[in-house]
Structure formats: structure tokens, C-alpha cells
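Peer 1: Below is one structure. I have some questions about it.
The values are calculated or read from the model by the stated rules, or taken from the named source; none is laboratory data. Computed from a predicted structure; not experimentally measured. Cβ placement follows ideal geometry from the backbone for every residue including glycine, while neighbour counts extend to all protein chains displayed. Ligands, DNA and RNA are stripped out before the accessible areas are found, and what is left, the full protein with its side chains, is counted by its heavy atoms. Shrake-Rupley method; radii C 1.70, N 1.55, O 1.52, S 1.80 Å.
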There are 2 protein chains.
Amino acid sequence: MPAEHQALTPGQRMPEHVATRLERLILDGVFRPGQLLPSERRLCDRLGVSRASLREGLRILRSKGIIDTRQGHGSTVATLLPVGSQSPLMHLFKDHPRTLFDLLEVRALLEGESARLAASRGTSVDRVLITRRYREMADYAESADTIDVERLARLDHAFHLAVSQASHNPVLVHTLQSLTDLLLSSVFASVKHLYHLPAPRAMINQQHAQLHEAVISGEAEQAEQVALEHLTSITQLLRDLEEEHERLERSSMRLEEWL
Amino acid sequence: MPAEHQALTPGQRMPEHVATRLERLILDGVFRPGQLLPSERRLCDRLGVSRASLREGLRILRSKGIIDTRQGHGSTVATLLPVGSQSPLMHLFKDHPRTLFDLLEVRALLEGESARLAASRGTSVDRVLITRRYREMADYAESADTIDVERLARLDHAFHLAVSQASHNPVLVHTLQSLTDLLLSSVFASVKHLYHLPAPRAMINQQHAQLHEAVISGEAEQAEQVALEHLTSITQLLRDLEEEHERLERSSMRLEEWL
DNA sequence: GACTAATTACTGGTCAGACCAATGCACCAC
DNA sequence: GTGGTGCATTGGTCTGACCAGTAATTAGTC
């Protein structure tokens with residue numbers, strides 16, 4: 001592959017230029033969080049710079065916390081923890097279940113927008129990735145037998161992530177990501193319960209299918225609608241679960257025993 | 001002058017080691033703020049490392065804002081010591097204007113929902129607070145004369161915050177807050193410009209009045225609509241501003257040439 | 001066949017030396 | 001003095017080599 005020269009931004013040295021270009025590639029979703037970047041030597045060829053400059057460029061990204069480098073392994077795009085993930089408030093949310101539904105409310109909003117944009121802006125590459133994630137999830141879910149709930153949750157998450165990434169709005173992706181992480185960290189046990197019960201699982205599966213269909217066929221409004229319903233359903237299921245949980249709690253069982 | 005080998009800190013690579021040693025020298029007062037460091041080649045001899053590693057070390061210090069380097073001149077110890085680290089996300093979004101509009105897109109969504117919920121859920125106490133913030137802002141804005149833009153921006157922010165708090169969704173409030181901080185940190189200068197131009201200010205004032213009215217009177221749909229329009233307007237204004245900014249940049253000298 | 005150890009083909013980390021480009025000072029002509 | 005001019009010095013970049021971890025593959029062993 002030939003060197004791909006791109007006009008230098010005036011006033012920018014080579015390393016800064018390299019860093020900027022790589023950042024752009026990350027923002028464009030070419031390199032995604034968690035993904036391994038090409039090797040330094042490959043990037044040199046690709047960007048048409050020496051390894052010294054390339055390495056200084058990577059050093060910039062490392063300083064910013066954007067990539068993470070390990071000798072003998074490579075550089076991976078850091079999993080961005082956006083929007084004050086370490087703020088005291090977030091910790092507060094974590095320990096207080098009553099914020100759970102507030103969280104779901106915001107998440108529904110973002111998830112709906114995400115689905116809408118994915119349907120309207122998604123490229124063919126995005127659609128391929130979304131479908132792939134969907135199939136992995138659906139196949140596993142239908143394989144019946146004894147399913148590993150944790151694994152299913154991961155596949156579920158990957159599917160939704162793929163959809164959000166197709167929105168091509170990195171801010172939206174990262175915000176949604178952080179809210180989802182927050183959600184799972186607080187009620188992962190409950191979510192697991194949802195998968196165990198047959199009725200909720202069937203509903204979730206059906207909604208996933210609808211969401212997939214709407215996004216792939218580019219029906220923006222439909223996609224948003226389905227996503228909203230999906231979150232509404234989950235919220236309702238969690239509400240029911242909580243109710244039941246409280247009933248149990250009243251009979252002297254403690255929350256912690258379920259986590 | 002002979003090479004001065006010093007025991008490597010375990011787990012630290014050469015560049016980090018170099019950066020650490022130089023930082024220590026600066027803290028010890030060997031190199032003082034404003035002072036010119038020895039040349040790279042001299043530092044290489046002195047520290048017993050290659051220029052590549054030395055340069056990566058300097059790159060670290062530069063990223064932290066500890067030194068300032070000019071070609072053909074040298075590296076000087078910065079007079080302003082680092083102001084405080086920022087999140088990786090901030091770094092990534094800062095230099096990329098295109099993420100600005102992604103950010104605004106998400107913010108519009110949240111701001112709309114926030115206004116809607118404020119109108120439908122807001123209590124009488126919320127309404128009193130919102131009105132108070134609104135009056136403080138509006139009074140100051142109408143006092144004409146020479147207004148302190150920064151103060152107006154604070155009042156503006158306080159008003160929007162009061163509205164979002166009336167949504168009674170702490171997650172929404174916090175997420176919105178984070179995004180707003182992020183926004184202001186990257187384009188505060190531009191936002192200031194908006195307040196300076198008479199036409200945008202008039203439009204913003206009018207939209208604030210409408211938003212206040214809708215929220216107070218409990219017209220949820222109307223409130224959401226106004227909030228969305230508000231953000232859309234601001235986005236458009238920033239787009240125009242950016243365009244003009246680029247035009248100026250193209251037709252004149254770059255800032256760096258004046259430094 | 002299954003498990004373990006050596007091999008090997010990567011990866012990033014560091015080094016040396018060369019040349020380019022901007023800076024700034026000393027020198028010189030006017 | 002004033003304004004060029006040249007040159008030594010600075011940072012910026014490139015090349016190619018070698019060192020040092022990593023991980024997958026292979027060979028060897030039980």
C-alpha cells in the first residue's frame with residue numbers, strides 16, 4: 001500500500017499532524033475503542049512518515065490517554081470513559097437504586113436518537129457490522145439449551161453499541177456507553193434475571209429483531225420508535241422485578257444477597 | 001561532561017525516566033521558569049540517552065505544558081505551570097470542531113427533554129427558582145450599557161440549570177451539565193462572541209423568554225419545541241461563526257507567527 | 001492424543017548518525 | 001548607526017539497525 005500523503009496543516013509539525021490524523025480516524029470510527037491499531041511500521045508506511053515522528057505522534061495520543069501501548073503487543077484505542085465517569089455524582093448514582101429509572105429515562109432518549117441516526121446515516125459498512133452483531137446475539141439466544149446469561153448480555157451490549165456507532169456521533173456513542181456501564185454496574189443482577197425469565201426474553205428478542213430490521217432498512221422513525229419501546233419495556237420489567245424484590249425484602253431478605 | 005547514569009525507575013521507559021528527571025531538576029530549581037534548557041544534544045550527553053528517547057521525554061513535558069519548544073531556539077521552562085489535567089474525552093474533542101456539532105446535537109436532545117420534563121413535572125418551588133434565575137438574567141441583559149459577557153454567560157447557564165433541575169432527573173441534570181462544561185471549555189471564546197453581536201443576543205433573549213413562559217405555564221410540548229429551536233439557533237450561529245473564522249484564518253497570518 | 005517447552009515471527013523500545021530548516025548572532029559593507 | 005550576509009547552533013525529520021517483550025506455532029515429551 002503506497003504512502004498516503006495528506007496536506008500538512010500549516011504550523012503543525014509532523015508528530016502533531018500524525019496525532020491529528022489518527023484522532024480523526026478514531027472519531028470517524030475507523031479505529032474503535034478497544035481495537036488494536038496497526039503496528040508502528042505499518043502506520044509509518046500508511047502515513048508516509050518516519051518511525052521517530054510516528055512514535056512522537058503516538059506519544060501525544062498516549063499523553064492524552066487516547067491510546068494505550070504495550071511492548072510486544074501494540075497500541076490499543078483506549079476505552080474512553082467520558083463525561084465525568086469519575087465524578088462523585090456518578091458514584092452517588094451507583095449506590096442509589098432510585099436513580100435507576102432516571103438513568104433509564106435518559107438512556108431511552110439517547111437510545112432512540114441513536115437508532116434514528118443509525119437508520120438515517122448508517123453506511124453499508126455499519127449495516128454489515130450491525131447485522132453481524134445481531135446474528136451473533138440472535139443465534140446464541142435461539143440456541144436454547146443452557147445459555148450463559150453473562151455472555152448473552154455481552155452480545156446484547158455489542159449489538160446496541162454497533163447501532164450507536166452507526167450514528168456517527170462520537171459524543172452520543174460515548175455518553176450512551178457511560179450510561180450503560182453505569183446501569184449495568186448497578187443492576188447487572190436484575191438484568192440477568194430478565195434473561196432468565198422466558199416471557200421477557202421473548203419480548204426482548206422480538207424487539208431486537210424489529211430494531212435490527214428498522215435500522216437496516218433505513219426507517220429512521222420506525223427505528224426510534226422501536227428503540228423507545230424497547231427501553232420502555234425494559235424499564236417496566238425492571239419495575240416489576242423491583243416490586244417483587246421489595247416484597248421479598250419486606251420478608252427480611254436484603255438487597256445485597258441478590259448481587 | 002560525562003554521561004550521568006542514574007538507576008532506572010522500574011517499569012518506567014526511557015522517555016518517562018527522562019521526563020521525570022527533568023521535572024525533578026525543574027522542581028529543584030536547577031532549571032527555573034522562563035529559563036532556556038540545554039540543547040537536546042547536550043541533554044542527550046548529560047542524561048546518557050539517545051536523542052529519540054530524549055525528544056519523546058521532552059514531548060511528555062510539552063504535553064503537560066511544562067516546557068515550550070521553538071525550532072532553532074530551544075526549549076524553555078514554561079512560566080505558567082500546568083492548570084490541571086483534563087479528561088481524555090476533552091482532549092480528543094477539543095481540537096476537532098466537527099465533534100462540537102455532535103456535542104450540540106446530543107445536548108439539544110437532552111435540553112429538549114429537560115425542558116419538557118420541567119414543564120410537566122416542575123413543582124411550584126421549581127417554578128419560583130426558574131423565574132428568579134430568568135429575571136436575574138433578563139434584567140442584566142436588558143441593562144444594556146457595557147455588559148460583562150462572562151457574567152451574562154454564568155446567568156444564562158444558571159437559568160438553564162434551574163430548568164433542568166426541575167426535570168427531577170439527576171442523571172439528566174448531571175449528563176447535561178457535563179456536556180455543557182465540555183462545550184464551554186472548548187468554545188467559550190465563540191460563545192462570548194455570540195453575546196457581543198446584537199442580532200444573536202436579541203434572538204437568544206427572545207427564546208429564553210419563550211422557554212421560561214412555556215415551562216412556567218406547564219406547556220410541555222411547547223417547552224421542548226422552544227428548547228430545541230434554541231439549540232438549533234445556537235448551532236447555526238456557531239456554524240456561521242466558524243465559517244467566518246476559517247475565512248479569516250485563511251486570509252491572514254496564523255497566530256503562531258505572532259508568538 | 002494432551003500437555004509442555006522451545007522456536008519464531010511478530011510487536012514496541014532504543015540507539016546512532018545523517019541531513020533539513022529555522023533562529024539568532026557576529027560580522028561586514030554602506 | 002543601519003541593513004544585509006553568513007554561519008554556527010538549535011530543533012525537526014529520516015534511515016536503518018539492534019534490543020526486548022509477546023504470543024502463536026511448532027517440536028518434544030509424557
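Peer 1: Which members of the range A:36-77 meet the condition of being within 22 Å of A:N169 (Cα to Cα), open to solvent by 20 Å² or more (accessible area, probe 1.4 Å) and at pLDDT below 90?
Peer 2: First pass over the range A:36-77, keeping only residues within 22 Å of A:N169 (Cα to Cα): A:36-37, A:61, A:64-67, A:76-77.
Imposing the further condition that a residue be open to solvent by 20 Å² or more (accessible area, probe 1.4 Å) reduces the set to A:36, A:64-65, A:76.
The answer is A:K64, A:G65.
Peer 1: A further question follows. Select from the range A:39-75 the residues that are of a type in the set (S, T, N, Q), more than 9 Å from DNA strand C (Cβ to nearest atom) and under 26 Å from the mean Cα position of the chain (by Cα) and list them in ascending order.
Peer 2: The one that is of a type in the set (S, T, N, Q), more than 9 Å from DNA strand C (Cβ to nearest atom) and under 26 Å from the mean Cα position of the chain (by Cα): A:S63.
Peer 1: Continuing with this model, one more query. Given the conditions (1) within 21 Å of B:V125 (Cα to Cα); (2) open to solvent by 20 Å² or more (accessible area, probe 1.4 Å), which single one is not true for B:L211?
Peer 2: The one condition B:L211 does not meet is (2).
Peer 1: Tally time: how many residues in the range A:167-210 are away from chain B (no Cβ under 14 Å) and closer than 21 Å to A:Q225 by Cβ?
Peer 2: First, pick out the residues of the range A:167-210 that are away from chain B (no Cβ under 14 Å): A:184, A:188-210.
Narrowing further to those that are closer than 21 Å to A:Q225 by Cβ: A:200, A:202-210.
Total satisfying the criteria: 10.
Peer 1: From B:M203, B:M253, which residue is modelled with pLDDT under 95 and assigned to a helix (DSSP H, G or I)? Before the answer, list the steps.
Peer 2: Values: B:M253 fails: assigned to a helix (DSSP H, G or I).
The unique qualifying residue is B:M203.
Peer 1: Considering B:I130, B:I147, which residue is in contact (Cβ under 8 Å) with a residue 12 or more places away in the chain and not in a helix (DSSP H, G or I)?
Peer 2: Criteria check complete, one pass: B:I147.
Peer 1: Checking A:V30 against (1) assigned to a helix (DSSP H, G or I); (2) open to solvent by 30 Å² or more (accessible area, probe 1.4 Å), which test does it fail?
Peer 2: (1)
Peer 1: Follow-up question, since we're still on this one. Within the range B:211-229, count every residue that is without any contact (Cβ under 8 Å) to a residue 12 or more places away in the chain and β-branched (V, I, T).
Peer 2: Matching residues across the range B:211-229 total 0.
Peer 1: Checking A:V18 against (1) modelled with pLDDT of 90 or more; (2) away from DNA strand D (no atom under 11 Å from the Cβ), which test does it fail?
Peer 2: (2)
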